[in-house]
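Heads up, the thing below is written out as structure tokens.
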Amino acid sequence: MTPSTDTTTSASSILDEHRSSPGLLLALLGHEAMRRLRAAHAAHHLKPRQFQILGLLHDHGGLAQRDLVQTMGVDPSILVTLLNPLEADGLVTRQRDPDDRRRHLVTLTAAGKRHLTSAARAQQETEDALFASLDDDQREQLRGVLLVLRDALAADPQSARSTRDVGR
């Protein structure tokens, strides 16, 4: 075997190994999922973060802008750029809190609820197409694993390793 063959075989093995690594697969699949979800949201004239805002307002019955900033983990100026078009389209309203004039309360309008329902249906259809090759048990298993990863990263962003992995 020539040295170039060893290098080619070695490089091929490394590439094959990396193509199937969980981290890279998750990143690539996440990119594809986000592309499809963005398209579903864009068809409803929403950005993914605006869809999130509508959902939060629906679930909480309205929130102060400061609470939206904290919940979403965005800068206040970014939140304003997300809210402005939603307000202009009549999907949300912003009003000063009568009990504390420094606060702005954001609420979902009836039109916003209808728009959210339509966009949520499009998102569900997109997810169904994305996961069409999985049966219900596999989808639930994937969901469970992703939730474990999300929660571990939220608890310790620097390391998602559990205590059982220490010392391996």
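Rounded to the nearest 20, the size of the Cβ-charge dipole of the stretch 36-104 about its Cα centre is 200 debye, with Lys and Arg at +1 and Asp and Glu at -1. Using a probe of 1.4 Å, the accessible surface attributed to Asp75 totals some 90 Å² when neighbouring protein chains are kept in position.
A probe of 1.4 angstrom, applied to the heavy atoms of all protein chains, finds Thr109 with accessible area near 30 square angstrom. Across Leu147, Leu86, the residue with the most accessible area heads the list, and the full order at a 1.4 Å probe is Leu147, Leu86. Positive contributions from Lys and Arg (+1) and negative ones from Asp and Glu (-1), summed over other residues with Cβ under 13 Å from the Cβ of Asp75, come out at +2. With all protein chains in place and ligands, DNA and RNA left out, the 1.4 Å accessible area ranks Phe51, Phe131 as Phe131, Phe51, largest first.
Considered as an equivalent ellipsoid built on the Cα gyration tensor, the stretch 18-168 has semi-axes of 33, 22, 13 Å, the largest given first. Ser77 contributes an accessible area of around 70 Å² to the protein surface, as traced by a 1.4 Å probe with all chains present.
For the stretch 81-137, the Cα gyration tensor yields ellipsoid semi-axes of 35, 12, 9 Å (square root of five times each eigenvalue, largest first, whole Å). Close amide H contacts of Gly62 (hydrogens built in the peptide plane, cut-off under 5 Å, sequence separation of 5 or more or a different chain): Leu108.
The values are calculated or read from the model by the stated rules, or taken from the named source; none is laboratory data. Just so it is clear, the model here is predicted, and its values are computed rather than measured. Positions of Cβ are generated from backbone atoms using ideal geometry, with glycine treated the same way; all protein chains shown enter the neighbour counts. Areas reflect the complete protein model, heavy atoms only, side chains present, ligands, DNA and RNA absent. Shrake-Rupley method; radii C 1.70, N 1.55, O 1.52, S 1.80 Å.
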